[in-house]
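Notes follow once the structure below has been shown.
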Amino acid sequence: MKLCFSTLGCPGWSWNEIFATSKDLGMKAIEVRGVANEMFVPKIKEFSEGRREDTLARLEKAGMEISMLTSGACLGVEQPERYMEEARAYIDFAPLVGAKYVRVMITSVPYPSEEEDVEQAARLYRELCRYAEGKGVKVLLETSGALADSHVLAQVMQNTGSPAAGVLWDIHHPYRYFGERPEQTYGNIGPWVEHLHVKDSVQGAEKVEYRMMGYGDVPVFDTLKLLKKHGYEGYISLEWVKRWCPELQEPGIVFSHYASYMTFLMNQLD
């Protein structure tokens, strides 16, 4: 298992700051969800045609890669056309930066709501998977919204039937919003899991309150033990949602703690 973090957690950082911190902390990759004020990955200046080669060369020299391009595409909402356009653009762009995965969602909110259309999301997801076939990219559907119910997500995946299909398991959402233990979630979606998101939290009186790793009650160590048992060798990425919640602790503190805490936990697995 390999560690990385999402750029969602450091909205005020430049690419150079993101790269340097990742390298210093021993990360093996960077999950790209916007850089500074640019959220659309193909428009990030370091990935432009004139600078892309140097950016990728620096990553390779450091023993790093782009683990995933994390789109904002939502497939289960009204008027999804612009999201489908975004997802296709990410699928086309991913091979240019060596990214094997593109993330899509059913909705932009992590918790289930009445506004989600699971049937529409499943249909559009099948379209995206067909579009991605033969491009060396997998389209990962996240465990969020109504699809944080792993039984529902498993039904979607079973009906997709594409080699380009896969799941981004955000371990927080099935546990927090549906009370699933890791064994239950993995039992439903394990065959499709390609990438993980981790974050910690507690349930406050009125809303979920995010915490640095180990300061909440999300069963992170139990998940690691389960992944170890099943031979998972992919990425575990910290999704610190500071871009959406600016009151959260600063990324320099959070990322350093994440690296040391997760390394400690993984050492307990040996």
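Things to note:
- Stokes-Einstein D for the range 18-67, Kirkwood Rh over Cα pairs, 10 °C, 1.306 mPa s (µm²/s): 141 µm²/s
- Prolate/oblate/rounded label for the range 88-171 (Cα gyration tensor, a/c 1.5): prolate
- Placing a label point 7 Å from the Cα of Ser108 along the Cα-to-Cβ direction, the residues of the range 219-260 whose backbone N falls under 20 Å from that point are 239-248.
- Length-normalised contact order of the range 119-175 in % [C-alpha pairs under 8 Å, at least 6 apart]: 43 percent
- A DSSP coil position with no more than 12 other Cβ atoms inside 10 Å describes the following GluC sites (Glu not before Pro) in the range 163-210: Glu206.
- FRET efficiency for the Glu250 to Glu183 pair, using the beta carbon distance and R₀ = 51 Å, is estimated at 0.90.
- Distance between the range 94-109 and the range 153-193 - C-alpha centres, whole angstrom: 16 Å
- Carbon + sulfur, % of accessible area of the chain - ligands and nucleic acids excluded, 1.4 Å: 46 percent
- Taking 18 Å as the cut-off, the amide N atoms of the range 199-221 that come nearer than this to a point 7 Å along the Cα-to-beta-carbon line of Asn267 belong to 213-214, 221.
- Inverting the pair-averaged 1/r between distinct Cα atoms of the range 1-124 gives 15.3 Å as its Kirkwood hydrodynamic radius.
- With the helix formula -39500 (n - 2.57) applied to DSSP H stretches of n ≥ 4, the chain reaches a computed 222 nm mean residue ellipticity of -11000 deg cm²/dmol.
- Distance in nm between pseudo-label sites at Asn37 and Glu133 (7 Å out along the Cβ direction from Cα): 4.3 nm
- Part-to-part distance (alpha-carbon centres) for the range 1-73 and the range 245-266, which is given in Å: 17 Å
- Paired Rg and Dmax values of the chain, which use every Cα atom, in angstrom: 17.4, 50
- Loop trypsin sites (Lys or Arg not before Pro), the range 116-204, which have at most 15 other Cβ atoms in a 10 Å radius of their Cβ (DSSP): Lys135
- Lys138 long-range amide H proximity, modeled H, under 5 Å: Tyr101, Val102
- Per-residue ³J(HN,Hα) for the range 119-134, Karplus 6.51 cos²θ - 1.76 cosθ + 1.60, θ = phi - 60°, Hz, x for Gly and Pro: 4, 5, 4, 5, 5, 5, 5, 4, 4, 5, 5, 4, 4, 7, 4, x
- Loop GluC sites (Glu not before Pro), the range 1-100 (other Cβ atoms within 10 Å of the site Cβ: 10 or fewer; DSSP): Glu49, Glu78
- Using a cutoff of 8 angstrom between alpha carbon atoms and counting only pairs six or more residues apart, the relative contact order for the chain works out to 18 percent.
- Computed from the Cβ-Cβ distance with R0 of 35 Å, the FRET efficiency linking Gln203 to Leu96 stands at 0.25.
- Karplus-derived 3J(HN,Hα), 6.51/-1.76/1.60, for each residue of the range 165-178, Hz, glycine and proline x: 8, x, 10, 9, 8, 8, 5, 5, 5, x, 6, 6, 9, 10
- Taking label points 7 Å from Cα along the Cα-to-Cβ direction, His257 and Gln120 give a separation of 3.9 nm.
The values are calculated or read from the model by the stated rules, or taken from the named source; none is laboratory data. These numbers were taken from a predicted model, which means no experiment stands behind them. All Cβ positions, glycine included, derive from the backbone under ideal geometry; neighbour counts span all protein chains shown. Note: areas computed on protein heavy atoms with side chains; ligands, DNA, RNA excluded. Shrake-Rupley method; radii C 1.70, N 1.55, O 1.52, S 1.80 Å.
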